[in-house]
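J.: Encoded as structure tokens, here's the structure I'll be asking about.
The values are calculated or read from the model by the stated rules, or taken from the named source; none is laboratory data. Here the structure is a predicted model, which means the values were calculated and not measured. Because the Cβ atoms are built from the backbone with ideal geometry, glycine has one as well, and the counts that use them run over all protein chains shown. Heavy atoms of the whole protein, side chains included, go into the accessibility calculation; ligands, DNA and RNA do not. Shrake-Rupley method; radii C 1.70, N 1.55, O 1.52, S 1.80 Å.
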Amino acid sequence: MKIAYFTDTFYPEINGVTNTLSYLTNYLKTKGIESMFFAPDYENSKQEEDESNIFRFRGLKLNIAPESRLAFPTYLFNKEKIEKFNPDIVHVTTQLGIGRLGIKYAEEFKIPIVMSYHTNFDRYLKYYNLEYLDNIIWNYTRKFYSKSELTLCPSQDTVKDLENKGFNNLGIWSRGVDTTKFNPEYRNEHLRQQLGGSDKLLFLYVGRISAEKEIDTLL
């Protein structure tokens, strides 16, 4: 089996999507499944030495998200590159330029399309006073995912949200915890004392410091 992944975010950028894809690439290798990732190019950023199964597109740097890249590769110019890999399945993870490229190729060559839903962009709107874009975003997103034979969601809660918005062909792509990395055996009493929490319950947040994360709620 040969799977082509189309994503508008990839390492070295760090977020939930790229973390998922990072674990996925290792899994595919252990199972002997051929894969090719079509992703943005992060110029002047440290990338993996072996990128033989990655094709990158030059993207634009955004002021509102300088760590991200926005790419809109033309189909005719890049179709030959995808044909060379000749995938059996196309998996689209994002609904922007590179994701649209994957859909166009799959539709022309009648290849099954699988998509995964990772980000509730509509929930971000209220934090940036952009609620007026809600219907526009949902209409676009619903039309985009209608091309998929199966849309994978991270949780049952997400499935219910999308069902209420009129999405079809939904399934669960469950997540887990890597217990070799996150394990009580790593508990460090000396570190807890340094943090002043030897006899307290400690919370650790690792992620972007942005309005929609509502870190103030945890505090």
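J.: On the basis of being within 24 Å of Lys147 (Cβ to Cβ) and in contact with a Phe, Trp or Tyr (Cβ under 8 Å, 6 or more places away or on another chain), does Lys104 make the cut? Before you say what the answer is, go through the steps one by one.
T.: Numbers: within 24 Å of Lys147 (Cβ to Cβ): yes; in contact with a Phe, Trp or Tyr (Cβ under 8 Å, 6 or more places away or on another chain): yes.
The answer is yes for Lys104.
J.: Can I ask one more? Of all helices (runs of 4 or more DSSP H) completely enclosed by region 156-219, which ones contain at least 1 residues that are under 19 Å from the mean Cα position of the chain (by Cα) and either at pLDDT 85 or above or more than 22 Å from Thr119 (Cα to Cα) (or both)?
T.: Working: elements: 156-164, 189-194, 215-218.
The qualifying helices (runs of 4 or more DSSP H) are 156-164.
J.: Pick from region 165-219 the residues that are in contact with a helix residue (DSSP H, G or I) (Cβ under 7 Å, 6 or more places away or on another chain) and of a type in the set (Phe, Trp, Tyr): which of them is least open to solvent (accessible area, probe 1.4 Å)?
T.: So the residue we want is Phe167.
J.: Could you tell me which numbered condition Leu162 fails, if it satisfies all but one of (1) loosely packed, with under 10 Cβ neighbours inside 10 Å; (2) more than 19 Å from Leu21 (Cβ to Cβ)?
T.: (1)
J.: Kindly list the number of the only condition in (1) open to solvent by 40 Å² or more (accessible area, probe 1.4 Å); (2) at pLDDT 90 or above; (3) not polar (S, T, N, Q) that fails for Lys46.
T.: (2)
Quick grid of which residues meet (1) more than 20 Å from Met36 (Cβ to Cβ); (2) more than 20 Å from the chain's Cα centre (by Cα); (3) at pLDDT below 95:
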{"site": "Arg58", "(1), (2), (3)": "no, no, yes"}
{"site": "Lys79", "(1), (2), (3)": "no, yes, yes"}
{"site": "Val92", "(1), (2), (3)": "no, no, no"}
{"site": "Leu96", "(1), (2), (3)": "no, no, yes"}
{"site": "Lys104", "(1), (2), (3)": "no, no, no"}
{"site": "Phe121", "(1), (2), (3)": "yes, no, yes"}
{"site": "Glu131", "(1), (2), (3)": "yes, yes, yes"}
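J.: When you look at Ser22, is it surrounded by 12 or more Cβ atoms within 10 Å (Cβ to Cβ), of a type in the set (Gly, Ala, Ser), under 28 Å from Val177 (Cα atoms) and free of Cβ contacts under 8 Å to residues at least 24 places away in the same chain, yes or no?
T.: On the way: surrounded by 12 or more Cβ atoms within 10 Å (Cβ to Cβ): yes; of a type in the set (Gly, Ala, Ser): yes; under 28 Å from Val177 (Cα atoms): yes; free of Cβ contacts under 8 Å to residues at least 24 places away in the same chain: yes.
In short, yes.
J.: Among the numbered criteria (1) under 20 Å from Ile113 (Cα atoms); (2) in contact (Cβ under 8 Å) with a residue 60 or more places away in the chain; (3) aliphatic (A, V, I, L, M), which single criterion is violated by Met36?
T.: That leaves (2) as the condition not met.
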